[in-house]
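Single-structure report; data block below.
Each value in this text was obtained by applying a stated rule to the coordinates, not by laboratory testing. In this text the structure is predicted, and so the values were computed from the model without any measurement. Here the Cβ is made from the backbone with ideal geometry for all residues, glycine too, and neighbour counts use every protein chain on show.
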Amino acid sequence: VTCGYTGIVSLENKDSMIRTVVLHSTMRVIPMLDQLRKGLQLYDLPKIMKTHQDLCLPLFVPGEDDEVCSAPHLYRPVFSEIGSANHQKEVNIINFLQDYLQEIEDSGIPEGLTVGRIMQWMTGQRHKPVLPSEKKDFVINMQFNHGCDTRHTVCFPTVSACSRTVTFPSAHLKTYTEFKNILTLAICHGQTFDRV
């Protein structure tokens, strides 16, 4: 409707609706691209781009730098008092997370699981922030739930993608194997942000 389609919304009219959306997008994008082209011509940038394609390509085409990595500087854990038993559990969980992400980066096992998919599960986005202001403020808050009742079999980490916060149930993540199994289940069978 926002693209200008005024007919009845039904499966029979699917092709008409798609044509309307494509036409609307094309008519919006072409003037923007023309304006960009004219702006680039002011400084003879098209000529420079033709002669130095290898230097200009990363400016316009996303490359490997856009891949999400498992950099620990992205984490902001909220630790308990240093020296406490809870603090040691929290440090172990952060180490397990780093080992897990490194293992995924290196081997890609389990199948289909990538660091990008894990970051999408945690933060709602699969890519690195692009703008410098976004990069500066991009952190993943890590919290720990020590009050979890251990009478039940398992608790899963909870995620608040809007605030980029992950809460780990420390009672159920004592070993790397437990951590790996629980986090893999949570990511593979939890809600994702890739469906509209």
The simple spin-label model distance between His189 and Leu57, using points 7 Å out along Cα→Cβ, in nm, is 4.3
Dipole in debye (nearest 20) - the range 11-61, about Cα centre, beta carbon charges: Lys, Arg +1; Asp, Glu -1 = 120
So if we plug the beta-carbon distance of Thr2 and His87 into 1/(1 + (r/R0)^6) with R0 = 41 Å, what FRET efficiency do we get, rounded to 0.05?
-> 0.20
Straight-distance crosslink candidates among lysines, where the alpha carbon sits under 20 Å from Lys180 and sequence neighbours closer than 8 are dropped | Lys89
Which of the lysines could a cross-linker span from Lys47 if the Cα-Cα distance has to be under 23 Å and same-chain partners fewer than 8 positions apart are dropped?
-> Lys38
Once you put a point 7 Å from the Cα of Phe138 and another 7 Å from the Cα of Ser25, both along the Cβ direction, what distance in nm separates them?
-> 2.4
